[in-house]
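Written below as structure tokens is the structure these notes are about.
The values are calculated or read from the model by the stated rules, or taken from the named source; none is laboratory data. Fair warning: this is a prediction, and the values are worked out from it, not measured in the lab. Cβ atoms come from the backbone with ideal geometry, glycine included; neighbour counts cover every protein chain shown. The protein model used for the area step is the full one, side chains on, heavy atoms only, and it has no ligands, DNA or RNA in it. Shrake-Rupley method; radii C 1.70, N 1.55, O 1.52, S 1.80 Å.
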Amino acid sequence: MSLSLPPLSVLDLAPVPEGATPGQALANSLDLARHAEALGYRRFWLAEHHNMIGIASAATAVVIGHVAAGTARIRVGAGGIMLPNHAPLVIAEQFGTLAALHPGRIDLGLGRAPGTDGLTLRALRRDYSAAERFPQDVLELQALFGPVREGQAVQAVPGAGLSVPLWILGSSLFGAELAATLGLPYAFASHFAPEALLPALETYRARFKPSAQLQRPHAMVGVNVVAAETDAEARRLFTTPQQQFARLVRGTRGLLPPPIDDIEAFWSPAEKAQASRMLARSLVGARETIRAGLEVLAAETGADELMVATALHDHAARRRSYAILAEAHGGLSAAADGASERSAA
């Protein structure tokens with residue numbers, strides 16, 4: 001008997017392929033969101049990164065508005081907003097506006113990393129100690145989305161009373177503990193930092209305290225997926241993220257490269273080892289291979305949702321990968337049709 005699989009969602013960084021422009025990357029993101037909506041994916045999230053020429057989603061709230069306006073049903077949100085880069089009031093106003101424009105469709109995932117390098121951190125006017133205030137900033141943001149209290153001097157307009165669903169993002173035990181303490185849904189970044197995945201999920205579930213937003217734990221697991229008609233074709237397409245992560249190790253980020261025939265000639269043994277550790281949770285192959293990988297991941301993690309990242313140079317191949325994944329999953333439309341208030345987390 002086949003294992004029942006958790007719903008799937010999409011994580012998109014609006015990647016800028018070599019030979020393309022940020023404008024084309026953003027058009028591709030909207031096209032992919034419409035494609036994912038038609039296939040039955042639950043969410044389409046975008047992430048905040050700065051000073052990276054290969055990522056066009058730096059103005060994350062703006063891109064979310066673009067995608068939400070161009071779709072009809074799929075939930076759209078941030079995976080995530082790096083909260084220490086911003087005043088909570090500004091984020092409450094931005095996402096309150098998005099929620100007012102697109103009721104019931106906006107998610108707000110929050111992270112405490114800078115999403116950039118140290119020099120850009122200074123350009124953002126970020127205080128280096130801001131990450132230490134992350135739990136307090138989450139509480140402040142939560143209050144700004146709540147009902148207006150008597151005598152409250154500062155309000156988010158729009159935002160107050162809208163109860164925009166908050167998520168905590170993380171790649172370590174810190175985020176798991178915070179999400180559990182606050183009774184919030186938790187998304188683990190195992191698509192690039194898989195080593196602490198299982199301990200973090202265990203911590204989150206063991207320490208979870210029910211809240212007004214969420215009565216029981218809800219965990220989402222990030223995973224890279226490259227699906228194609230054959231295992232060999234998928235492995236070749238996967239050389240794009242392999243190059244991307246090797247460049248990350250080298251400190252030479254750039255535009256998203258096309259696939260290559262021989263990845264072994266591209267990276268050194270040390271680069272291969274480090275990049276492969278970051279990509280260890282990736283699923284790469286044809287339908288049967290992907291299905292088997294999904295079942296193993298679901299059984300190992302007990303994930304309530306899977307958040308899928310697919311960074312490919314060719315947009316048509318990326319669309320096809322998500323379509324093959326949907327076929328391998330086999331239940332996306334039914335999951336989308338049966339989504340309850342729990343799906344909003």
Worksheet item: Mind checking which pairs have a first residue in the range 161-175 that is modelled with pLDDT of 95 or more and a second that is among the charged types (D, E, K, R), Cβ under 6 Å, 6 or more apart or different chains?
Response: Pro165/Asp107
Discussion item. Criterion first (among the small types (Gly, Ala, Ser), out of contact with any Pro (no Cβ under 6 Å at 6 or more places or on another chain) and buried (at least 22 other Cβ atoms within 10 Å of the Cβ)) does Ala232 satisfy it?
Written reply: no
Worksheet item: Does any residue of the range 19-34 turn out to be more than 24 Å from Gln142 (Cα to Cα), part of a helix (DSSP H, G or I) and within 14 Å of the chain's Cα centre (by Cα)?
Response: yes
Response to the item:
When every residue in the range 325-334 that is assigned to a helix (DSSP H, G or I) and open to solvent by 30 Å² or more (accessible area, probe 1.4 Å) is compared, the one nearest to Ser4 (Cα to Cα) is Ala334
Item to complete: Answer yes if at least one residue in the range 29-40 is among the aliphatic types (A, V, I, L, M), open to solvent by 40 Å² or more (accessible area, probe 1.4 Å) and under 14 Å from Ala316 (Cα atoms), and no otherwise.
Response: no
Discussion item. Can you confirm whether Asp107 is of a type in the set (D, E, K, R) and surrounded by 14 or more Cβ atoms within 10 Å (Cβ to Cβ)?
Written reply: yes
Discussion item. So for the range 261-272 (the condition being open to solvent by less than 50 Å² (accessible area, probe 1.4 Å) and free of Cβ contacts under 8 Å to residues at least 24 places away in the same chain), does at least one residue qualify?
Written reply: yes
Item to complete: Within the range 279-324, track down each residue that is over 22 Å from Ala187 (Cα atoms), in contact with a Gly (Cβ under 9 Å, 6 or more places away or on another chain) and either among the basic types (Lys, Arg) or open to solvent by less than 10 Å² (accessible area, probe 1.4 Å) (or both).
Response: Gly285
Item to complete: Identify, by number, the condition in (1) closer than 30 Å to Trp267 by Cβ; (2) at pLDDT 95 or above that Leu182 doesn't meet.
Response: (1)
Item to complete: For Gly159, work out the one condition from (1) closer than 23 Å to Asn85 by Cα; (2) assigned to a helix (DSSP H, G or I); (3) not polar (S, T, N, Q) it doesn't fulfil.
Response: (2)
Discussion item. Just to confirm my filter: which strands (runs of 3 or more DSSP E) fall fully inside the range 39-137 and include at least 3 residues that are more than 29 Å from Gln243 (Cβ to Cβ) and at pLDDT 95 or above?
Written reply: 106-111
Worksheet item: If only one of Thr252, Thr203, Thr240 is open to solvent by 30 Å² or more (accessible area, probe 1.4 Å) and β-branched (Val, Ile, Thr), which one is it?
Response: Thr252
Discussion item. Please pick out the residue among Ala47, Ala59 that is open to solvent by 40 Å² or more (accessible area, probe 1.4 Å) and of a type in the set (Gly, Ala, Ser).
Written reply: Ala59
